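Bear in mind that the values in this text are calculations on the coordinates, not laboratory data. Keep in mind it's a predicted model, so treat the numbers as computed, not measured. Using ideal geometry, Cβ is built from the backbone for each residue, glycine included, and neighbour counts are taken over all protein chains shown.
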Protein chains: 2
Amino acid sequence: MAQTYSITDLAQEFGVTTRTIRHYEEQGLLTPQREGMSRVFSTRDRGRLKLALRGKRLGFSLSEIRELFELSSLACEDPKQAGVFLARLEKRRVLLEQQREDIDAMLGEISFFANQCRRLLIDTGKAKNTANAI
Amino acid sequence: MAQTYSITDLAQEFGVTTRTIRHYEEQGLLTPQREGMSRVFSTRDRGRLKLALRGKRLGFSLSEIRELFELSSLACEDPKQAGVFLARLEKRRVLLEQQREDIDAMLGEISFFANQCRRLLIDTGKAKNTANAI
DNA sequence: CTTAAGCTTGACGCTTACGTAAGCGTTATA
DNA sequence: TATAACGCTTACGTAAGCGTCAAGCTTAAG
């Protein structure tokens with residue numbers, strides 16, 4: 001019935017090594033079932049892995065990801081804990097907004113330097129070099 | 001005439017330790033002048049540091065940042081190298097766009113979970129708990 | 001004169017996030 | 001039956017990015 005995945009299934013789907021997935025389990029980010037010795041991952045594990053990898057690309061530490069997962073579980077079991085989770089989410093939201101500003105600034109700088117480069121390529125030999133390196 | 005900065009000036013302005021700035025010099029990201037033994041940073045050094053720190057917040061490695069600085073200098077000296085720099089910039093631009101998508105996705109997930117939390121906080125005791133943990 | 005503030009160069013230490021064997025069990029295909 | 005193919009654990013290795021002394025120079029203030 002419920003879809004399950006082997007460790008290599010997930011590794012291939014998300015382009016990581018099995019070592020990475022085992023490491024995430026060691027760090028408490030994933031809690032796959034066992035079938036004999038082998039790990040059996042549920043769609044929930046898959047969702048967590050997806051989130052974890054996205055978080056990692058955005059610079060979250062594994063321990064912060066674990067903490068968020070734990071807070072989420074706590075919040076669902078005990079509504080009193082929901083406020084704690086909410087606060088942590090809000091903190092991260094602010095950081096993510098700042099990160100987006102960083103990205104926009106960086107994209108602006110990249111297009112600035114790219115334009116300088118294109119001018120250099122076009123003006124080669126024609127006029128004086130007005131470009132300035134970083 | 002030209003504005004200069006001490007190592008602590010820059011450390012305080014950007015909220016990093018002097019150790020970090022020295023480390024960046026060791027890694028070839030900064031090349032301050034010397035006045036006796038002390039480092040003297042120009043506005044150009046300051047600009048590089050600012051860029052480097054932004055890059056770091058976005059997950060650039062120090063060696064990639066150094067490479068970009070070097071390519072920029074090469075491009076300005078020799079227009080033939082501008083194409084190389086341009087290509088590297090384009091690669092990073094693509095990654096940054098992807099990163100922005102990650103941020104948007106993550107912000108979406110955060111507001112989803114935040115809404116679940118708020119519902120939990122409001123519905124406490126009233127109805128059944130329909131929230132699902134990650 | 002000496003004490004403190006700020007600078008320097010080593011150089012070892014630490015954390016994170018895995019990589020990389022080593023050595024072994026299970027299943028399936030040739 | 002052997003030889004992959006896939007999985008497991010244990011455990012040392014490693015690269016990046018600084019932290020953290022240690023030990024010493026210099027210059028201004030008390």
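Okay, here's what the table says:
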| quantity | calculated |
| --- | --- |
| Scaled radius of gyration (Cα, divided by 2.2 N^0.38 Å) that chain B gives | 1.59 |
| Under 5 Å, built H, 5+ apart or other chain: amide partners of B:Val40 | B:Gln33, B:Arg34, B:Glu35 |
| Cα long-axis angle, helix B:43-57 against chain B (0 to 90 degrees, to the nearest 10) | 30 degrees |
| Of A:Pro79, A:Phe113, A:Ile103, farthest towards positive along the dipole that unit charges on Lys, Arg, Asp, Glu beta carbons give region A:78-134 | A:Phe113 |
| Packing-based exposure ordering (other Cβ within 10 Å, fewest first) of A:Lys80, B:Lys50 | A:Lys80, B:Lys50 |
| In degrees, nearest ten, helix B:82-123 long axis to first principal axis of chain B (Cα) | 30 degrees |
| Dipole magnitude (debye, nearest 20) for the protein assembly as shown, charges at Cβ of Lys, Arg, Asp, Glu | 120 debye |
| Between 0 and 90°, nearest 10: helix A:62-77 axis offset from chain A longest Cα axis | 50 degrees |
| Amide hydrogen neighbours beyond the local backbone of A:Ala131, cut-off 5 Å, H modeled | none |
| Given charges at Cβ of Lys, Arg, Asp, Glu: the protein assembly as shown dipole, positive-most of A:Tyr24, B:Leu89, B:Gly15 | B:Leu89 |
| Within 10 Å of each Cβ in A:80-90, the average number of Cβ atoms from other chains | 4 |
| 13 Å cut-off, amide nitrogen to a point 7 angstrom out along B:Val40 Cα→Cβ, residues in region B:1-33 | B:1-7, B:32-33 |
| Pair A:Glu13, A:Phe112: separation of 7 Å Cα→Cβ label points (nm) | 4.3 nm |
| Descending Cα extents along the principal axes, region A:1-60, whole Å | 35, 22, 18 |
| Amide hydrogen neighbours beyond the local backbone of B:Leu30, cut-off 5 Å, H modeled | B:Glu25 |
| Per-residue [θ]222 nm for chain A (sum of -39500 (n - 2.57) over DSSP H runs n ≥ 4, rounded to 500) | -22500 deg cm²/dmol |
| Longest to shortest principal axis, alpha-carbon extents of the protein assembly as shown, angstrom | 73, 38, 32 |
